[in-house]
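J.: This structure is in structure tokens; I'll ask about it shortly.
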């Protein structure tokens, strides 16, 4: 009985934008980049299937089909026939399976390591005894003891390779796990035969060492891949479950998913907007920072457009829905995100590309060796021993370790510098980047506003104002309150809405709020709209506190270091041009754009990619998530929104920007080491294979040579663990800021959902 006969997939099918049907399928058995093309080709061969995209990172297949596909459940039968197992994607189930796979790999690695150490101890005794005075009976005992340890250990620890190889063979395919499995099984089998025939040598240790080294790379790759989180759950936090809809003059609470274009909705203070719409009544302030990247609250009134997920603050709003049911801005962000992530997942690693032709070459070489020796008149035993030696010596251990070993060491070096990798191939793509696009707010600047003129204000005044600010919920007051540390607020504080807070302190009224409330002249700062002010008065003591999102402490030096590394630098922000210009000027970045919405950011990135650029995107807001996914490689700070961190290839910690420069410096060195390791593996095979074919090595020597090649690429990989002194390109000490100023760009277009300027025009604006 097939899946088409028993499986009901209707709950998992969703309509696509072009009128077709779509579904996400979790696929088990994907082990390398070569699996992607095999799966996509098999599924696309079904009549009616219009799209099949595999995301390698999360092992998920997205399928779209027309009505011509009469039995969509045949998709699962096709996967089964191709050697893979699929089931409808369910987020919780996917997380559970990922965790179970991680536990299984860990157990296999532990068993292989424990068994290899014990068998090696026995092997050392045999090797030393063979050149001294070991008796045949003692040697046989050590060999049988090794078999007792190695056979069950290999049967358990080799399951990740055996099951994958068997599935590939059943579907008429070859993958890298096939020669690995053959090498292990034949080495163990021949070892048992040799032990039974009282031979001097057995090869249990070589089989276990092979498994152990390969499991190290497999476990490390899986651990990094698991860090990527599904975006749907993070976006759900911004979605509103219910809404207050006017129904015939009566206010009715309904599910937000049932809203339609034209419905009138009431949004109370403190609620998130349930759908995109135009305000037809009321006035308030809207926080759109997670949606558009704009940091300042936007005053809105009748006629203004608001977006689903925005937070309403001070007033009650009535709006008419203009987009709902999957077409709101937040839905478009999610679609852009998924599309960009799927495109990026097609990256092929160097080792995977080599593996496509490696397996058949290994098998052919071993088979020809066996046939050649038999034709030359050798005994069956000698011919088999030589063929096994060829198969073992050509086992792709060094090739399989060439990249993962460097990844593990380099990721550790990055971790010590505050960089956490989310994607297994992020190091390679970081090394290839030649252009960096920064978001401004929360990326080049600190995520939370600070008092930028604190050093110019009397410490006593600053402390008193900060204590009074603790009794206010206004964002400017909250920024000022942090200057008080753990000091308790004043008693009997009164707040006057829209004005400020006041309290009687030492018999004199103390006030904090607007200029009028504190009877002070309005302070016009040099930076205009990029700085806000909150005023303080206590008798004759007065102060005007400038609140702004300040640059990260080392932003100037880091940007200069990146420029010295040869990067072309851009700023692309959803914030106002008035807020972006001072930051660009301070950093000497002449190519910048403000007021850019998510679709425009995607268009900008695609235009640069069309010019052959390889972009590193650094951003933190929800509006940056599609851009992070579309870029060649991406970074985000730890303070970023959850969905943004999920799409970033790496996350950096702390308030400093130096990890960005550190990441590319380590990645470039790691990339060189990866290429060196691939060359080492290739040279090893060019030398070792002819020697093995000539019958000049035994399986034991072949196993030692194979292990030696693995050790060689591992030792070379350790060079990726660069010390602080070796991070010469990240000279974040006292680099002078390069001269330059902001480009003379015209103001960014106003936020308009679904509207993106021509990509070439966007780039021209940035380069102006």
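J.: Give me the pairs: first residue in the stretch 127-148 and at pLDDT 90 or above, second residue surrounded by 13 or more Cβ atoms within 10 Å (Cβ to Cβ) and part of a loop (DSSP other than H, G, I, E, B), beta-carbon distance under 8 Å, and six or more apart or on different chains, which are they?
T.: From residues that are at pLDDT 90 or above, the pairs are 143/202; 146/202; 147/202.
J.: What's the number of the only condition in (1) closer than 30 Å to residue 55 by Cβ; (2) touching a residue at least 60 places away in the same chain (Cβ under 8 Å) that residue 450 fails to meet?
T.: (1)
J.: If you don't mind, another one. Report those strands (runs of 3 or more DSSP E) wholly inside the stretch 614-708 carrying at least 3 residues which are at pLDDT 85 or above and at negative phi.
T.: Working: elements: 615-618, 633-637, 650-652.
Because the criterion is at least 3 residues that are at pLDDT 85 or above and at negative phi, the strands (runs of 3 or more DSSP E) in the stretch 614-708 that meet it are 615-618, 633-637.
J.: Check whether at least one residue in the stretch 315-335 is modelled with pLDDT under 65, part of a helix (DSSP H, G or I), over 30 Å from residue 689 (Cβ atoms) and touching a helix residue (DSSP H, G or I) at 6+ places or on another chain (Cβ under 6 Å), and report yes or no.
T.: yes
J.: Among the residues of the stretch 66-86, write down those that are without any contact (Cβ under 8 Å) to a residue 40 or more places away in the chain and closer than 14 Å to residue 172 by Cα.
T.: Scanning the stretch 66-86 gives a single hit, 78.
J.: Tell me, yes or no, whether the stretch 156-175 has at least one residue that is more than 25 Å from residue 38 (Cα to Cα), without any contact (Cβ under 8 Å) to a residue 60 or more places away in the chain, assigned to a helix (DSSP H, G or I) and not assigned by TED's automatic domain parsing to the domain that holds residue 41. Give the derivation first.
T.: Applying the first criterion (more than 25 Å from residue 38 (Cα to Cα)) to the stretch 156-175 yields 156-157.
Now narrow it down to the ones that are without any contact (Cβ under 8 Å) to a residue 60 or more places away in the chain: 156-157.
Pick out the ones that are also assigned to a helix (DSSP H, G or I) and you get 156-157.
Retained after the next criterion (residues that are not assigned by TED's automatic domain parsing to the domain that holds residue 41): 156-157.
For the stretch 156-175, residues more than 25 Å from residue 38 (Cα to Cα), without any contact (Cβ under 8 Å) to a residue 60 or more places away in the chain, assigned to a helix (DSSP H, G or I) and not assigned by TED's automatic domain parsing to the domain that holds residue 41: present.
J.: Also: From 371, 383, 389, 398, grab the single residue that is farther than 30 Å from residue 637 by Cβ, modelled with pLDDT under 75 and either in a helix (DSSP H, G or I) or touching a helix residue (DSSP H, G or I) at 6+ places or on another chain (Cβ under 7 Å) (or both).
T.: Exactly one of 371, 383, 389, 398 is farther than 30 Å from residue 637 by Cβ, modelled with pLDDT under 75 and either in a helix (DSSP H, G or I) or touching a helix residue (DSSP H, G or I) at 6+ places or on another chain (Cβ under 7 Å) (or both), namely 398.
J.: Looking at 431, 488, 492, can you tell me which residue is touching a helix residue (DSSP H, G or I) at 6+ places or on another chain (Cβ under 8 Å) and farther than 30 Å from residue 563 by Cβ? Give the derivation first.
T.: Working: 431 fails: farther than 30 Å from residue 563 by Cβ; 492 fails: touching a helix residue (DSSP H, G or I) at 6+ places or on another chain (Cβ under 8 Å).
On inspection, the qualifying residue turns out to be 488.
The values are calculated or read from the model by the stated rules, or taken from the named source; none is laboratory data. Everything numeric here is computed off the predicted structure, so don't read it as measured data. So basically every Cβ, Gly included, is an ideal-geometry build from the backbone, and we count neighbours across all protein chains shown.
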